Amino acid sequence: MHVMGGTWPKTPAQALDMLLEGNKRFIVGDRLHPHQDTDHRTAVAPAQHPFAVLFGCADSRVAAEIIFDRGLGDLFVVRTAGHVIGPEVLGSIEYGVDVLGAPLIAVLGHDSCGAVAATREAMVNGVTPPGFMRDVVERVMLSVLSAPDGLTNPDAAGEAHVGYTVDLLVDRSNIIAQRVADGSCAVVGLSYRLAEGSVRLIAGHGVP
Ligand SMILES: [Zn+2]
């Protein structure tokens, strides 16, 4: 199946629906594996029109196309440990919405996140990780602090970090803010549960 016809998402609402529908299939083990065939590979080779930018944690258990049951050309995926943001991340996401025209940015966090755990460890015990892992921890720290129970509740800290990341995208990028303001793009925060395979909408700007 490589022809989506008129059903290809054009609005933030349609894009979010398509994302969540794919996740529902994944939860129950009824995946369609859309857009993974050789015909579609050929069809999308000349140009890409992803319906969403997926900005998620790099965790090996949170593989974007698998958990949303999508295929080639569907998602413009950017992932870093703890979905922390730097200039290259912002530029990549801006490319996805401004040049490729994706109507949705989905920030994807999850339970048992190593980056969040390392940040809480650093704040509670004063142990900062070596190398550039320290930069990851520093960028998660404000989120953990912003959650009332961030130091004692890992899930609360993780969800606060998703919300913080959603806000940061709109605050830091004029391009994203403008697209949200004119209604052509939404930014949503999703929380993923590893065992259940389910995502939940927990934050957003311009959400329909
Ligand atoms: Zn993680």
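The values are calculated or read from the model by the stated rules, or taken from the named source; none is laboratory data. This structure is a prediction, so every number in the text was calculated from the model and none was measured. Quick reminder, even Gly has a Cβ in these numbers, built from the backbone with ideal geometry, and neighbours come from all protein chains shown.
Among the residues of the stretch 186-208, those identified as under 14 Å from A102 (Cβ atoms) and either in a strand (DSSP E or B) or under 14 Å from the mean Cα position of the chain (by Cα) (or both) are A186, V187, V188.
Set side by side, the residues L169, L190, L100 differ, and just one is within 28 Å of D17 (Cα to Cα) and within 16 Å of the ligand (Cβ to nearest atom), which is L190. Here V207 meets the list (1) at pLDDT below 95; (2) among the hydrophobic types (A, V, I, L, M, F, W, C); (3) within 16 Å of the ligand (Cβ to nearest atom) almost entirely, failing just condition (3). Restricted to the stretch 64-89, and to residues there that are under 19 Å from P9 (Cβ atoms) and within 16 Å of the ligand (Cβ to nearest atom), the residue that is surrounded by the fewest Cβ atoms within 10 Å (Cβ to Cβ) is V77. On the given criteria, is A122 among the small types (G, A, S) and within 19 Å of R193 (Cβ to Cβ)? When the stated conditions are applied, A122 does not pass them. Sub-7 Å Cβ pairs linking a first residue in the stretch 175-203 that is in contact (Cβ under 8 Å) with a residue 24 or more places away in the chain and at positive phi to a second residue that is buried (at least 17 other Cβ atoms within 10 Å of the Cβ) and part of a loop (DSSP other than H, G, I, E, B), at least 6 apart or interchain, are G183/G206, ordered by first then second residue. Condition first: among the charged types (D, E, K, R) and in a helix (DSSP H, G or I). Can you find one or more residues in the stretch 89-108 that meet it? Within the stretch 89-108, one or more residues are among the charged types (D, E, K, R) and in a helix (DSSP H, G or I).
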